[in-house]
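> First the structure, which I've put down as structure tokens, then a few questions once you've had a look.
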Amino acid sequence: TRTLGKMGKSLKNAIDPNDMCEQYGADTLRLYLMSMGPLDASRPWESKDVVGVHRFLQRVWRNIVDEDTGAVRLLADPAADETVRLLHRTIAGVREELDNLRFNTAIAKLIELNNHLTKLGGCPVDIAEPLVKMLAPLAPHAAEELWSKLGHADSVTYEAFPVADPALLVADTVEYPVQINGKVRSRVTVAADASNDAVQAAAMADDKVVAALAGATPKKVIVVAGRMVNIVA
């Protein structure tokens, strides 16, 4: 009797996928299940987390489509270099994650890109199509609708996945935290191919570093290439 009672309680609290689809849409349910973690890991169902995935899809939609008129609302100017580089890093990352069935991290990379677009106030005209192509394997219904609104008569299903430009995957700048006696006092950004001497010069010229040293001459300046600058005062 006790066992049957537990089973009855479990069934009572069970999630009906049809109810979730009716409330949030099939794409939201699909994305949530894939975002829960690696396929070989189990996690408890958290209905509140479904809302977060649903909001992601809503933001993607709003970055491309005007909710009031239903018309496409892309930013007219081409994307800036920073956005183009992020796009290509996302393409490379999402492709790798999908190839290895890591759907949760593929979704996370798309969320990062879309958050960037939201801060821009919308999606630049040259970013929309690759974004929708990347979304298609994960949220096919929304992607098909967006693809159609972008003016395509054929299905996005048969479109080739975007290809990342290797030249755009290499960072052109590097940010170095600057430590003084083990405590981070500032950060400096230099060219990715800057020499150690150039990195040291940038760190020593930084206003916060100058103020922290208060005229004292450092005993030692150690540059760890690509990682940090450590000043021993």
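> Using a Gaussian network for the chain with springs between C-alpha atoms less than 10 Å apart, which of these wobbles most: M20, M204, M134?
Result: M204 has the largest fluctuation of those listed.
> Expressed as an acute angle from 0 to 90° and rounded to the nearest 10, what is the orientation of the C-alpha long axis of helix 81-99 relative to the principal long axis of the chain?
50 degrees
> In whole percent, what relative contact order does segment 80-135 give with Cα contacts below 8 Å and a gap of six or more residues?
Computed over segment 80-135, the figure is 35 percent.
> Sticking with this structure for a sec: Tell me the relative contact order for segment 110-233 as a rounded percent, counting alpha carbon contacts under 8 Å between residues six or more apart.
18 percent
> Still on this structure, I have one more. Return the carbon/sulfur percentage of the accessible area of the chain, one whole number, probe 1.4 Å, all protein chains in place.
Details: 7140 of 13950 Å².
Within the chain, the accessible surface is 51 percent carbon and sulfur.
> Looking at (i) 30; (ii) 53; (iii) 47, which value of percent of Cα pairs over 27 Å apart comes from a calculation on the structure shown?
(ii)
> Once the Cα atoms of helix 196-205 and of the chain are each reduced to a long axis, what angle between those two axes, in degrees from 0 to 90 to the nearest 10, is obtained?
Once rounded, the angle reads 80 degrees.
> Now, a different point. With +1 on the Cβ of every Lys and Arg and -1 on the Cβ of every Asp and Glu, and nothing else charged, how large is the dipole of segment 160-233 about its Cα centre, in debye rounded to the nearest 20?
Values: 7 positive and 7 negative charges, 110 e Å.
Dipole magnitude for segment 160-233 comes out near 520 debye.
> Please identify which residues in segment 188-215 have an amide N closer than 12 Å to a label point set 7 Å out from the Cα of A225, following the Cα→Cβ vector.
What the label zone holds, given the 12 Å backbone N cut-off, is 193-197.
> Rounded to the nearest 0.05, what FRET efficiency is calculated for D126 and E96 with R0 set to 25 Å and r the Cβ-Cβ distance?
0.65
> Continuing with the same structure: Where is the GNM fluctuation largest for the chain (alpha-carbon springs, 10 angstrom cutoff): H54, H152, H116?
Of H54, H152, H116, the most mobile in the Gaussian network model is H152.
> May I pose another question? Might you tell me the accessible area per residue for the chain, computed with a 1.4 Å probe and given in Å²?
Accessible area per residue, the chain: 60 Å².
The values are calculated or read from the model by the stated rules, or taken from the named source; none is laboratory data. Keep in mind it's a predicted model, so treat the numbers as computed, not measured. Don't worry about glycine lacking a Cβ; one is built from the backbone with ideal geometry, like all the others, and counts go over all protein chains shown. Accessible surface areas use protein heavy atoms only, side chains included; no ligands, DNA or RNA. Shrake-Rupley method; radii C 1.70, N 1.55, O 1.52, S 1.80 Å.
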